[in-house]
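Before any comments, here is the structure.
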Amino acid sequence: MWFEFLIPKRPVSLQTKNRKNLQSWKNFVCAEACKDWSGAPHSGNELHLTLIYLCDDDPVDVDNIIKPIQDALVGAIYDDDLLISDVESHRRPLTGVFDIAKHPVLLVDGILSGTECVYVRITDAQPLENYLI
């Protein structure tokens, strides 16, 4: 399995005090993912979630954006977030230097947009030793 999409908006932290805003964010994430997803929710093997948050000068904590995005995809992209066995999350400033020749097209689109966004990729999980090389 391989799926990617771009969330063209600043992420909302799991730690926000505005729970209504958090739910709106999850709904937005699900809607963005569903624009590019045409299948039934995945219910098979374990998955690897990759997030790349392109941020401005006042970023959200990278660890606090994982759970809302992961939860937003339940029922649409996968049956249960328990299927996510591996997560990697990265934060990079939009003002950074990028070798766009080495990035997926959607991530390049996010970089070139110049606005905060999150690139999301879901792939099959690999054996643990593949991550330790």
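The values are calculated or read from the model by the stated rules, or taken from the named source; none is laboratory data. Owing to the predicted nature of the structure, the values given are computational and were not obtained by experimental measurement. Please note: Cβ atoms are built from the backbone with ideal geometry, for glycine as well, and neighbour counts cover all protein chains shown. Note: accessible area is taken over every heavy atom of the protein model, side chains too, but ligands, DNA and RNA are not part of it. Shrake-Rupley method; radii C 1.70, N 1.55, O 1.52, S 1.80 Å.
The table below gives the values:
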quantity	calculated
Relative contact order (percent, whole number), the chain, Cα cutoff 8 Å, 6+ residue spacing	42 percent
Among 93, 132, 49 the positive-end extreme of the charge dipole of the chain (Cβ point charges)	93
Simple spin-label estimate for residue 21 and residue 131 in nanometres, 7 Å along Cα-Cβ	3.1 nm
For region 1-72 versus region 96-132, the gap between their alpha-carbon centres in whole angstrom	14 Å
Local electrostatic count at residue 119 - Lys and Arg +1, Asp and Glu -1, tallied over other residues with Cβ under 11 Å	0
Helix-derived mean residue ellipticity, 222 nm - over the chain, DSSP H n ≥ 4, -39500 (n - 2.57), to 500	-8000 deg cm²/dmol
Residues in region 103-132 reached by a label modelled at residue 57 [backbone nitrogen below 17 Å; 7 Å Cα→Cβ]	114-116
Rg(Cα)/(2.2 N^0.38 Å) for region 1-67, N = residue count	1.22
Answer label, with semi-axes √(5λ) of the Cα gyration tensor in Å calculated from the coordinates and candidates (1) 31, 14, 12; (2) 33, 17, 13; (3) 22, 19, 15	(3)
Dipole magnitude of region 35-133 about its Cα centre (Cβ charges: Lys, Arg +1; Asp, Glu -1), debye to nearest 20	300 debye
Residue-normalised accessible area of the chain, expressed per residue, 1.4 Å probe, Å²	56 Å²
Percent accessible area from carbon and sulfur atoms, region 16-133, protein chains only, probe 1.4 Å	52 percent
